[in-house]
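Student: Take this structure first; my questions come after.
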Amino acid sequence: MSFSGRERAVIIAIPVILALQYAVNLWLLSATRLGMPSLTRVIAPFLGFFLYALIGIAIRFGYHAFRRDLSAFWAFLRNPAWIAITLYLVAVTAFLSYLYGCLKISVHVLRKTRFDELLWELDRLLMFGISPNIFFVELFSNRVAFRIVDFLYAAGFLYTLSFSFWLIYAWPSNRLRLRYLVGSVVLWLTGAWLYYAVPSLGPAYAYYQVWEAASGGLPTTVMIQRVLFENHMRVLQMAEGARNVGVNVNMGIAAFPSMHVAFHVFFALWLARLIPAMRWFGWFMVFVIAVGSVVTGWHYLIDSFAGALLAWGAFRIADLILPEESAQSSEERR
């Protein structure tokens, strides 16, 4: 398998970093009754991400078939290095999601401080004394408008996330896929630690009265928020010694930064690079998610700014660690 020195270093370094994060998580959670969730919880996300890879390959096959260029498709699909990196991406993504979930779900057990009041006041300073959450709730104070935001926010994240996996898992360039993975590791692990540094529940929980009148127009949001809060309460009960309460490790509550916005900015930057004609879609989804997160009460406005800055930083770090290769050096490796 042909990889450059930097690529080999990245392939080795990422599992080491994740192993260290696992050890830190294990140490932190050993101080609580939660304990570290079993590693068997990685199996389900691994199978899910593997399915994403298969769908992405099928979509790319259709793309090359439409262009009558199947020889290019078979060229990278038969490449052992490409297959190995695909499986590597799936495994790393599954383990990363597990580590992220473990840290996020334990934040409010390990950290008793809440920064919701501070984040609310910082938001008001940004809007010259007006709360962005209240402003946008009143701006969209129409049942039809609420339903549109409710649908776009919930569906937008799910579909964009799925699209990103289909695109990256099936992209022909190993170096580019590794660069995306580097940025993803930086993005999600840093986001999890920022949750830990600035623990907060989010405006929908800390200032729920703002959404009492609007809840009828946000059925999906209200349902998901209720499910997450019930899981959050089970986490707290488990930390107090309760057993067999059925905690879901992927349902933690935290607001700062907005990882939904962070992911969309990160993906918009990549989409502009990979498919320039679709850059408008990426930035449109950033706008939808940023506004939707404030309207639905998932986040304070400052959470979106922090998420966008985090995404830009992760994107730039990935470029610095694995910069573009010259055409000559790429050809020499072949």
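Student: Carbon and sulfur: what percent of the range 1-131's accessible surface (1.4 Å probe)?
Tutor: Answer for the range 1-131 is 70 percent, counting heavy atoms of protein chains only.
Student: Given the options 239, 94, 314, which has the most mean-square fluctuation in a GNM of the chain, springs set between C-alpha atoms less than 10 angstrom apart?
Tutor: Maximum fluctuation in the GNM of the chain, among the listed residues, is at 239.
Student: Give me the one-decimal nm value for the distance between modelled label points at residue 272 and residue 47, 7 Å along each residue's Cα-to-Cβ direction.
Tutor: 3.9
Student: Compute the distance in nm between two label points, each set 7 Å from the Cα along the Cα-to-Cβ direction, one at residue 229 and one at residue 71.
Tutor: The answer from the label model is 6.2 nm.
Student: Still on this structure, I have one more. Counting heavy atoms of the protein chains only and a 1.4 Å probe, report the per residue accessible area for the chain as a whole number of Å². Write out the running numbers ahead of the final one.
Tutor: Working: 16080 Å² over 334 residues.
Averaged over the residues of the chain, the accessible area is 48 Å².
Student: Using alpha-carbon positions, what is the distance between the centroids of the range 208-254 and the range 275-301, in Å?
Tutor: First find each Cα centre; the distance between them is then 24 Å.
Student: Another question, if that's okay. With axes computed from alpha carbons, what is the tilt in degrees of helix 43-66 against the longest principal axis of the chain, rounded to the nearest 10 within 0 to 90?
Tutor: Helix 43-66 sits roughly 50 degrees off the main axis of the chain.
Student: Further, regarding this structure: By accessible area of protein heavy atoms, probe 1.4 Å, what ranking do 55, 14 get, highest first? Present the calculation step by step, with values, prior to reporting the outcome.
Tutor: Values: 55 60, 14 10 Å².
The most accessible residue leads, giving 55, 14.
Student: Could you tell me the center-to-center distance, by alpha carbons, between the range 63-131 and the range 142-171 in angstrom?
Tutor: 14
Student: May I pose another question? Please compute P(r) over all alpha-carbon pairs of the chain, binned at 20 Å starting from zero, and give each bin as a whole-number percent.
Tutor: Once binned at 20 Å, the Cα pair distances of the chain give 29, 56, 15, 0.
Student: How many nm separate the modelled label positions at residue 31 and residue 16, each set 7 Å beyond the Cα in the direction of the Cβ?
Tutor: That separation, rounded to one decimal, is 2.7 nm.
Student: Say we join alpha carbon atoms closer than 10 Å with springs in a Gaussian network model of the chain; which of 91, 214, 75 then has the biggest fluctuation?
Tutor: Fluctuation is largest for 75.
Student: Now for a separate question. Nearest 10 degrees is fine. How inclined is helix 259-274 to the longest principal axis of the chain, computing both from alpha carbons?
Tutor: So the helix axis and the longest Cα principal axis differ by about 30 degrees.
Student: Across the range 163-169, in residue order, what do the Karplus-derived ³J(HN,Hα) couplings come to in whole Hz, using 6.51 cos²θ - 1.76 cosθ + 1.60 with θ = phi - 60° and x for Gly and Pro?
Tutor: 4, 5, 5, 4, 5, 6, 4
Student: Another one. How much accessible surface does residue 316 have with a 1.4 Å probe, in Å² rounded to 10?
Tutor: The accessible area of residue 316 comes to roughly 90 Å².
Student: Please determine, in degrees from 0 to 90 and to the nearest 10, the orientation of helix 301-321 with respect to the longest principal axis defined by the Cα atoms of the chain, where the helix direction is its Cα long axis.
Tutor: 20
Student: Return the carbon/sulfur percentage of the accessible area of the range 207-275, one whole number, probe 1.4 Å, all protein chains in place. Show your work: numbers first, answer last.
Tutor: Working: 1690 of 2950 Å².
On the range 207-275, the fraction of accessible area on carbon and sulfur atoms equals 57 percent.
Student: Moving on. Based on the Cβ-Cβ distance from residue 24 to residue 213, what FRET efficiency comes out when R0 is 51 Å, to the nearest 0.05?
Tutor: On the way: r = 43 Å, r/R0 = 0.85.
In this case the efficiency is close to 0.75.
The values are calculated or read from the model by the stated rules, or taken from the named source; none is laboratory data. In this text the structure is predicted, and so the values were computed from the model without any measurement. Here Cβ is always computed from backbone atoms with ideal geometry, including for glycine, and neighbour counts include all displayed protein chains. Only protein heavy atoms, including side chains, enter the accessible area calculation; ligands, DNA and RNA are left aside. Shrake-Rupley method; radii C 1.70, N 1.55, O 1.52, S 1.80 Å.
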